[in-house]
Amino acid sequence: MSASSSLLGSLRRTHSDAYGFDLPASSSSLHSAVSSAFFRREEDERFDAWNLLLDEYDLDVRRAVSRVQACCCSSRTNSSELGDGDEEDDDDDDNNADLTLLAQMRSLVTAGVPMALRRDAWRAFLNVNDDGVGDYETHLAAANEEAARILEERRLFLAASASKVKDPSAPTHGHGGHWAVQIEKDIPRTANFERQPLIANDVALNMLRNILRAHARKNLHVGYSQGLNFVASVLLLVLDKEEDAFYALCRLTEDRLKGFWDTSDDGSLLAATEDSDLLSALVEMHLPTVHRRLHALGHDLRALSLSWLLCLWVNSLPWQTVLRIWDVIFFEPTADAARGMILRVCLALLDLNADVVVNAGDGAEASMALRSRVAQHEDATTLLVCACARRGSLADLQREVATMSKSGVVSVSMSPLPVSFGPGDDTTTDVQHMN
């Protein structure tokens with residue numbers, strides 16, 4: 001299958017969910033006819049609302065998004081500048097019209113992009129067409145060549161270790177932390193993810209492998225980080241084309257969520273871990289009852305929140321909720337705004353499900369109850385309303401915590417997590433198994 005081939009033909013199943021994704025028969029019991037009809041009715045309403053807006057401005061999705069993105073850039077550039085002169089009146093009228101379109105589109109995005117338009121919308125949100133079309137095959141070829149060499153050396157190393165034969169020509173290390181090895185470990189985990197299977201077809205899994213390898217080879221500062229397999233899977237399912245999913249993943253790691261999956265030389269995560277620490281501080285400030293209960297139970301929220309962050313909830317929330325959240329994150333114009341939204345969604349999740357934490361008898365019960373409740377959180381609208389009710393980019397939230405810390409309101413320790421979430425030969429704790 002070529003890089004531009006459709007994925008959908010390789011994923012035919014017996015049942016489909018409310019958003020049109022094919023599901024294995026074992027999952028059909030999770031989606032009742034009533035809820036399916038409800039979500040399909042919501043989808044029809046969203047589709048009609050989007051078409052009304054696009055017809056009003058005589059635009060398609062890509063041109064509408066390009067226009068509001070230009071408006072965002074112009075607003076940031078000119079936010080501190082004052083205009084004068086009659087010659088600027090026409091520009092002011094155009095800017096006002098664009099700001100109106102921006103407000104209308106933001107409202108529609110928060111209410112949800114209809115599945116029929118989501119592929120075009122995500123490609124537009126992430127500026128997929130702005131990347132160098134044609135580079136994918138070059139990156140993939142180089143990645144496959146390097147992966148073949150690394151995996152062969154890894155095989156020889158393990159064989160020599162098992163036989164305890166000291167072959168001087170055998171590799172002296174197993175490349176356990178290399179992206180090629182980590183990707184091979186996580187591909188089966190994507191296929192065998194029981195709660196919400198993503199892609200288990202061999203052709204589709206090979207497409208996922210290609211995307212992750214090419215991305216790791218192109219972005220050496222990121223390489224491969226656990227959680228990217230789930231993120232890339234959803235991009236592949238929605239965008240339907242291997243090459244589009246690759247460029248979308250690159251746009252996420254290089255721009256919209258720049259630094260989010262970067263790792264240090266020892267394999268530990270940087271920005272995602274910092275954001276997890278920041279969330280703990282925000283919980284102490286805004287959800288003191290939840291914070292006090294978790295503290296009394298000796299439960300470290302960061303172990304759960306890091307899984308939410310790295311996988312962007314793919315292994316935690318239902319399909320329709322994940323897609324709705326991603327609509328909003330992808331629409332944000334900057335990494336600062338997008339990461340702020342991610343933290344506000346995490347805070348909203350904890351706020352809406354605080355009762356299961358407060359009523360838990362011990363740390364294990366709190367963790368299990370919260371995971372179970374979150375896994376059934378299909379009301380994306382309430383979640384996003386709660387998240388959007390709080391304002392603030394990442395920088396805003398960091399300043400808020402810093403101010404409260406100086407006044408003694410925040411006491412959350414910002415020390416490193418006690419387990420490693422980065423790549424390594426003997427990693428036994430990871431985000432793949434934290435759901």
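The values are calculated or read from the model by the stated rules, or taken from the named source; none is laboratory data. Only a predicted model underlies this, so the values are computations on that prediction, with no experimental measurement involved. With ideal geometry, Cβ positions are generated from the backbone for all residues, glycine too; neighbour counts draw on all protein chains shown. Note: accessible area is taken over every heavy atom of the protein model, side chains too, but ligands, DNA and RNA are not part of it. Shrake-Rupley method; radii C 1.70, N 1.55, O 1.52, S 1.80 Å.
Go over the candidates ASP240, ASP244 one by one and state the one that is open to solvent by 10 Å² or more (accessible area, probe 1.4 Å), in contact (Cβ under 8 Å) with a residue 60 or more places away in the chain and in contact with a strand residue (DSSP E or B) (Cβ under 7 Å, 6 or more places away or on another chain).
On inspection, the qualifying residue turns out to be ASP240.
Just to be sure, is ARG302 open to solvent by 10 Å² or more (accessible area, probe 1.4 Å), touching a residue at least 12 places away in the same chain (Cβ under 8 Å) and under 11 Å from the mean Cα position of the chain (by Cα)? No, not satisfied.
Selection within the stretch 392-411: residues that are charged (D, E, K, R) and free of Cβ contacts under 8 Å to residues at least 60 places away in the same chain. The member of this set that is farthest from ILE329 (Cα to Cα) is LYS406.
Quick one: which of ARG106, ARG149 is open to solvent by 20 Å² or more (accessible area, probe 1.4 Å), under 18 Å from ASP60 (Cα atoms) and either outside any helix (DSSP H, G or I) or of a type in the set (Lys, Arg) (or both)?
ARG106
No other residue among LEU350, LEU287 is open to solvent by less than 10 Å² (accessible area, probe 1.4 Å) and touching a residue at least 60 places away in the same chain (Cβ under 8 Å) apart from LEU350. Among the residues of the stretch 321-342, those identified as open to solvent by less than 10 Å² (accessible area, probe 1.4 Å) and of a type outside the set (Val, Ile, Thr) are LEU323, ARG324, TRP326, ASP327, PHE330, ALA338, GLY340, MET341. Quick one: would you say PRO171 is at pLDDT below 85, closer than 23 Å to ARG324 by Cβ and open to solvent by 10 Å² or more (accessible area, probe 1.4 Å)? No; evaluated as a whole, the condition is false for this residue. So, of the residues in the stretch 211-237 that are of a type in the set (S, T, N, Q) and either open to solvent by 10 Å² or more (accessible area, probe 1.4 Å) or outside any helix (DSSP H, G or I) (or both), which turns out to be nearest to LYS258 (Cα to Cα)? Among them, the one singled out is ASN219. Scanning the stretch 304-344 for residues that are in a helix (DSSP H, G or I), closer than 20 Å to ARG373 by Cβ, touching a Ser or Thr at 6+ places or on another chain (Cβ under 8 Å) and aliphatic (A, V, I, L, M) returns LEU304, LEU306, LEU309.
A residue that is in a helix (DSSP H, G or I), open to solvent by 70 Å² or more (accessible area, probe 1.4 Å), closer than 30 Å to ARG123 by Cβ and at pLDDT 75 or above cannot be found anywhere in the stretch 76-83. Exactly one residue among ALA191, ALA204, ALA200, ALA248 is among the small types (Gly, Ala, Ser) and modelled with pLDDT of 95 or more, and that residue is ALA248.
Restricting attention to the stretch 239-260, the residues that are within 13 Å of TYR136 (Cα to Cα) and among the small types (Gly, Ala, Ser) total 2. In the stretch 398-413, the qualifying residues are those that are part of a helix (DSSP H, G or I) and touching a helix residue (DSSP H, G or I) at 6+ places or on another chain (Cβ under 6 Å), and the one that is surrounded by the most Cβ atoms within 10 Å (Cβ to Cβ) is VAL401.
Of all the criteria given as (1) assigned to a helix (DSSP H, G or I); (2) closer than 24 Å to ALA216 by Cα, the one not satisfied by HIS295 is (2). For the stretch 115-138, a residue qualifies if it is at pLDDT below 90 and either of a type in the set (A, V, I, L, M, F, W, C) or surrounded by 18 or more Cβ atoms within 10 Å (Cβ to Cβ) (or both), and the qualifying residues are ASP131, VAL133.
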